[in-house]
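Participant: I'd like to ask some things about the structure below.
Every number in this text was worked out from the coordinates using simple rules, so none of it is lab data. Quantities reported herein were computed from a predicted structural model and do not represent experimental measurements. Positions of Cβ are backbone-derived with ideal geometry, glycine not excepted, and every protein chain shown enters the neighbour counts.
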Amino acid sequence: MSTLAANAPGVAGSGLEDVAASEASLRRFLHGLPGVDQVGLEARAATLGTRSIKTTAKAYAIDLAISMIDLTTLEGADTVGKVRALCTKGRTPDPTDPTTPRVAAICVYPDMVATAKAALRGTDIQVASVATAFPAGRAALPVKLADTADAVAAGADEIDMVIDRGAFLSGRYLDVYNEIVAVKEACRRPDGSYAHLKVIFETGELQTYDNVRRVSWLAMLAGADFIKTSTGKVAVNATPPVTLLMLEAVRDFRAATGVQVGVKPAGGIKTTKDAMKYLVMVNETLGDDWLSPHWFRFGASSLLNDLLMQRQKLTTGRYSGPDYVTVD
Amino acid sequence: MAKNTKKTEAPAAAPQAPAEPAGKPAGGLFGYAPAPESPAAAGDIASSYGHFIGGQFVDSSGSEALKTVNPATEQVLAEFARGTAEDVDRAVAAARAAFTDWSALPGSERAKYLFRIARIIQERSRELAVLESIDNGKPIRETRDVDLPLVAAHFFYYAGWADKLDFAGYGPNPKPLGVAGQVIPWNFPLLMLAWKIAPALATGNTVVLKPAETTPLTALRFAEICRQAGLPKGVVNIVTGDGSTGAALTAHPDVNKVAFTGSTPVGRAIAKQVAGTRKKLSLELGGKAANIVFDDAPIDQAVEGIVNGIFFNQGHVCCAGSRLLVQESVQDELLDALKRRMGTLRVGDPLDKNTDIGAINSAEQLARITALTDAGEAEGAERWSPACELPGTGFWFRPTLFTGVSQAHRIAQEEIFGPVLSVLTFRTPDEAVAKANNTPYGLSAGIWTEKGSRILWTASRLRAGVVWANTFNKFDPTSPFGGYKESGYGREGGRHGLEAYLDV
């Protein structure tokens with residue numbers, strides 16, 4: 001394991017190369033990050049939530065939000081039919097209006113990757129697969145790596161892995177780090193390219209904001225392409241303050257290393273109004289550089305239809321209703 | 001080993017951007033379209049106003065009228081009377097006449113009126129917020145989310161005390177003083193009115209209040225609310241005017257209590273005037289608060305606190321955190337973050353719901369801010385402001401930062417009362433405390449550190465009436481507020497605020 005750890009990927013020349021050289025150095029670094037004041041962070045997120053997004057700005061933000069969605073189905077009851085239907089929805093979110101943008105990706109379990117890939121052929125919609133014994137992550141490392149490699153082999157463009165929250169909460173930061181490095185390696189394709197790696201923290205289980213800042217840096221040091229809040233499978237999923245904190249982390253990480261990392265809040269974002277609040281946070285924390293599906297995603301399923309209803313309202317001036325958007 | 005993902009490397013094939021991003025104003029991909037609150041929501045503004053005396057709107061005995069303008073447009077909103085000594089005399093007489101019955105009411109009955117006023121304020125909060133924004137220049141986001149909720153909360157809070165005065169710690173059955181003459185400033189017109197009137201009425205006093213000469217409109221609207229609430233005539237009287245009206249009120253021999261919020265020079269003049277009389281006096285005056293950032297502070301939240309401390313309400317805040325004291329070891333990091341954040345502040349139309357910084361309240365105040373900042377540059381401090389366009393008409397000032405400031409600079413000593421922050425540095429906690437206390441003022445201070453013991457160590461050494469830890473400009477009716485030294489004396493808010501209106 002130490003050979004992996006000795007080489008912090010992604011941070012060459014930033015002075016952070018040796019941070020993960022040992023458990024002690026990694027701990028020192030993570031615990032040396034500035035603290036987070038809970039009241040202040042929540043107040044800032046709430047204030048940004050009061051921005052009033054109207055008319056042309058709303059139209060822009062709705063289309064941007066649609067294009068940032070990882071349209072997701074992660075159920076035990078998923079079938080080929082269900083996944084195909086979701087892919088069709090992703091390609092043509094609103095059949096009545098061809099100017100509607102497509103979603104960024106379809107997010108499924110590994111065994112559905114091939115189905116999704118086939119259904120999306122000819123589009124640039126990505127197929128994202130959860131992996132590493134999602135959502136609990138409670139499996140041995142070889143199982144997690146096999147899970148990942150299987151999804152990549154089936155054609156997944158993106159891998160959404162979960163971290164080992166147990167290891168993180170018991171302070172075994174280097175184990176978490178090494179696991180991310182190993183999963184990243186499992187994302188490697190035969191041609192040498194890599195599936196894009198999103199690292200899910202399950203912030204609802206990590207509980208404190210200090211933990212969220214530390215795990216964000218840990219994952220970015222280990223080579224995450226995206227950091228993601230939640231699986232959507234626990235009581236507390238993405239929240240505005242947690243996401244704001246992760247946006248601050250990617251901002252600071254780029255300033256320190258030159259490496260830009262994306263952010264994906266997931267779970268519980270259901271309405272256009274919610275999505276606007278997140279986009280305002282991106283806009284005022286990170287600006288234009290992150291205002292694209294390359295760098296910001298929504299992990300959501302029901303959000304899309306609310307965005308479509310609001311889009312129809314803006315286009316036609318009338319509210320329609322849930323029967324005027326497709327249920328897939 | 002995995003290769004790092006550099007900024008240029010996006011997912012293999014990214015989904016297409018929205019076909020034609022609609023509405024893309026300059027200055028970024030996601031510019032916010034105008035989101036103006038309707039000025040009509042302010043309700044009818046009369047072309048001219050008299051005073052509110054004895055439950056009636058009455059004409060002034062004099063003929064002089066003053067004008068109040070919208071500082072964002074320089075348009076005249078209304079004329080209002082310049083109260084004469086005779087007007088003040090009528091108002092004090094009306095308050096005196098009402099005092100006997102009002103003070104004899106059971107506390108629970110007085111509470112009913114205060115609760116009713118609080119509820120009406122909540123019901124009419126949009127109207128009042130818009131009116132305040134138009135008359136004062138402050139952004140609607142703040143009047144809506146800060147001023148009005150606090151105004152209502154103040155009336156609710158003191159309504160609760162009215163029938164519990166026996167338990168306030170001032171002995172059994174504490175008595176009111178009589179007629180309170182109250183003079184308030186223009187920076188929080190309605191909130192300062194609430195701070196003055198709510199405790200006075202709860203304790204059984206009657207009041208004559210003079211609003212500031214640039215912001216009389218919400219006080220006059222409040223007079224309507226008193227009528228709507230069925231408040232007995234003469235319990236609240238509003239006399240508008242300028243400094244001469246205020247002087248007539250505070251000098252009036254039949255006033256038992258003088259309460260003033262405003263500048264230190266005026267406060268000093270009032271103290272002299274009142275000296276030797278039996279009037280009880282409370283003064284809430286200027287400030288030059290230090291906001292101390294230690295190297296173990298939560299940096300992102302400290303930046304928010306600094307911004308909120310000095311740019312809230314255009315910096316027209318007596319307790320504004322106008323001196324930033326930052327530990328030298330984190331100076332660069334903090335200032336970079338602060339400048340980045342200041343670049344996102346939205347300056348402009350106060351009625352736009354996305355505006356962060358509105359208009360300076362008056363040409364006079366703008367001139368004072370300009371003079372002091374010019375002095376800062378002349379004395380060698382380094383000035384910085386983010387790029388931002390200011391509207392063509394109205395009174396505006398860019399959010400401004402001065403670095404390289406020393407204690408000897410005027411901008412480190414004098415109250416600017418505008419969106420101007422002076423940055424000083426320190427090396428040790430002792431030095432921070434010494435510099436923070438090195439001011440004639442002592443109204444507020446802020447401490448930023450993740451270490452609880454350092455908060456307590458610092459707070460116990462700061463000579464300031466309010467010390468905020470890891471926050472700034474947080475107000476609550478349950479918390480006493482007031483100053484040390486030239487920032488005044490007496491406390492407003494909380495149980496302590498009752499004392500100023502009781503004969504104890």
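Participant: Determine the shielding of peptide A:283-291 by partner chains: average, over its residues, the number of Cβ atoms on other chains within 10 angstrom of each Cβ.
Facilitator: 4
Participant: Okay, moving on. Can you compute 3J(HN,Hα) from phi for each residue in the range B:118-133, using the Karplus curve 6.51 cos²θ - 1.76 cosθ + 1.60 with θ = phi - 60°, rounded to whole Hz and x for Gly and Pro?
Facilitator: So the J values, rounded to whole Hz, are 4, 5, 5, 4, 5, 5, 9, 5, 5, 4, 5, 5, 5, 4, 4, 5.
Participant: If you take the square roots of the eigenvalues of the alpha-carbon gyration tensor of chain A and sort them as a ≥ b ≥ c, do you get rounded (a/c under 1.5), prolate (a/b over b/c) or oblate?
Facilitator: Cα axes put chain A in the oblate bin.
Participant: Which of rounded, prolate or oblate describes the range B:290-477 when judged by the alpha-carbon gyration tensor and an a/c cut-off of 1.5?
Facilitator: It comes out prolate by the Cα gyration axes.
Participant: From Cα pairs below 8 angstrom and at least 6 apart in sequence, can you work out the relative contact order of chain B, rounded to a whole percent?
Facilitator: Contact order relative to length: 17 percent.
Participant: Report, in degrees rounded to the nearest 10, the 0 to 90 angle that the Cα long axis of helix A:173-186 makes with the longest principal axis of chain A.
Facilitator: So the helix axis and the longest Cα principal axis differ by about 60 degrees.
Participant: Averaged over its residues, how many other protein chain Cβ atoms are within 10 Å of peptide A:48-56's Cβ atoms?
Facilitator: Per-residue shielding by partner chains comes out at 6.
Participant: Sticking with this structure for a sec: Ranked highest first by average number of other Cβ atoms within 10 Å, how do B:306-314, B:373-381 line up?
Facilitator: Packing proxy ranking, top to bottom: B:306-314, B:373-381.
Participant: Moving on. To the nearest 20 debye, what is the magnitude of the charge dipole of the range A:1-144 about its Cα centre, counting +1 on the Cβ of each Lys and Arg and -1 on the Cβ of each Asp and Glu?
Facilitator: Here the size comes out at about 300 debye.
Participant: Something else: If you take every DSSP beta bridge whose two residues both sit in chain A, what share of them, in percent to the nearest 5, is antiparallel?
Facilitator: Taking every DSSP beta bridge with both residues in chain A, the antiparallel ones total about 5 percent.
Participant: By average Cβ neighbour count within 10 Å, what is the ranking of B:203-216, B:146-159 from highest down?
Facilitator: B:203-216, B:146-159
Participant: Starting from the range B:260-341, pick out the trypsin sites (Lys or Arg not before Pro) whose DSSP state is loop and whose Cβ has at most 10 other Cβ atoms within 10 Å.
Facilitator: B:Arg278
Participant: At what distance in angstrom do the alpha carbon centres of the range B:251-297 and the range A:70-146 lie from each other?
Facilitator: The range B:251-297 and the range A:70-146 have Cα centres separated by 66 Å.
Participant: Given the C-alpha centroids of the range B:125-154 and the range B:165-239, what is the distance between them in whole angstrom?
Facilitator: Centre-to-centre (Cα) distance: 18 Å.
Participant: Another question, then. Please report the spacing between the Cα centers of the range B:332-397 and the range A:215-236 in Å, no decimals.
Facilitator: About 38 Å separates the Cα centre of the range B:332-397 from the one of the range A:215-236.
Participant: While we're here: Taking other Cβ within 10 Å of each residue's Cβ, how do B:His252, A:His196, A:His31 sort, fewest first?
Facilitator: In increasing order of surrounding Cβ atoms, one gets A:His31, B:His252, A:His196.
Participant: Let me ask something else. Output wanted: per-residue J couplings in Hz (rounded whole) for the range A:46-59, from phi through Karplus 6.51 cos²θ - 1.76 cosθ + 1.60, θ = phi - 60°, x for Gly and Pro.
Facilitator: The phi angles translate into 5, 5, 4, x, 8, 4, 9, 9, 10, 6, 4, 5, 5, 4 Hz.
Participant: Using a cut-off of 15 Å between beta-carbons, work out the net charge of the residues near B:Gln228 (Lys and Arg +1, Asp and Glu -1, B:Gln228 not included).
Facilitator: +3
Participant: Mark the label point 7 Å from the Cα of A:Lys233 along Cα→Cβ and return the residues of the range A:88-129 whose backbone N is within less than 19 Å of it.
Facilitator: Output list for this probe position: A:106-114, A:128-129.
Participant: For peptide A:257-268, what's the mean number of Cβ atoms from other chains within 10 Å of each residue's Cβ?
Facilitator: Per residue, the average neighbour count from other chains is 2.
Participant: Label B:Glu109 and A:Leu314 with points 7 Å out from Cα along Cα→Cβ: what is the distance between them in nm?
Facilitator: 5.9
Participant: Report the net charge of residues surrounding B:Cys319, where surrounding means a beta-carbon distance below 11 angstrom and charges are Lys +1, Arg +1, Asp -1, Glu -1.
Facilitator: Around B:Cys319, the surrounding residues sum to 0.
Participant: Oh, and also: Pull up all non-local amide H partners of A:His196: gap of 5 or more, or a different chain, and H-to-H distance under 5 Å with H placed in the peptide plane.
Facilitator: For A:His196, the qualifying residues are A:Glu158, A:Ile159.
Participant: Let me ask you something else. Looking at B:Ser108, B:Pro480, B:Thr84, which one has the Cα that reaches farthest to the positive end of the dipole of chain B (charges on Cβ: Lys, Arg +1; Asp, Glu -1)?
Facilitator: It is B:Ser108, whose Cα lies furthest towards the positive end.
Participant: If amide hydrogens are placed 1.01 Å from N in the peptide plane, which non-local residues have theirs closer than 5 Å to the one on B:Ala469?
Facilitator: Amide H to amide H, under 5 Å and 5 or more residues apart or across chains, B:Ala469 pairs with B:Ile447.
Participant: Using helices alone, what [θ] at 222 nm do you get for chain B, with -39,500 (n - 2.57) per DSSP H run of 4 or more residues, divided over all residues and rounded to the nearest 500?
Facilitator: So the calculated ellipticity at 222 nm is -10500 deg cm²/dmol.
Participant: Can you give the local net charge around A:Thr272? Use residues other than it whose beta-carbon is closer than 13 angstrom to its beta-carbon, Lys and Arg +1, Asp and Glu -1.
Facilitator: Taking every other residue near A:Thr272 into account, the sum is +4.
Participant: Classify the range A:62-107 from the C-alpha gyration tensor, please: rounded if a/c falls under 1.5, else prolate or oblate depending on whether a/b exceeds b/c.
Facilitator: Taking the square roots of the gyration eigenvalues as a ≥ b ≥ c, the range A:62-107 is oblate.
Participant: P(r) tail for the protein assembly as shown, what percent of Cα pairs lie past 38 Å?
Facilitator: Here the long-distance tail beyond 38 Å is 49 percent of all Cα pairs in the protein assembly as shown.
Participant: Between B:Ile45 and B:Ser406, what is the label-to-label distance in nm when each label sits 7 Å out along the Cα-to-Cβ direction?
Facilitator: Distance between the two pseudo-spin positions: 4.7 nm.
Participant: Taking 41 Å as R0, compute the FRET efficiency from the Cβ-Cβ separation of B:Asp59 and B:Thr393 and round it to 0.05.
Facilitator: Approximately 0.80, to the nearest 0.05.
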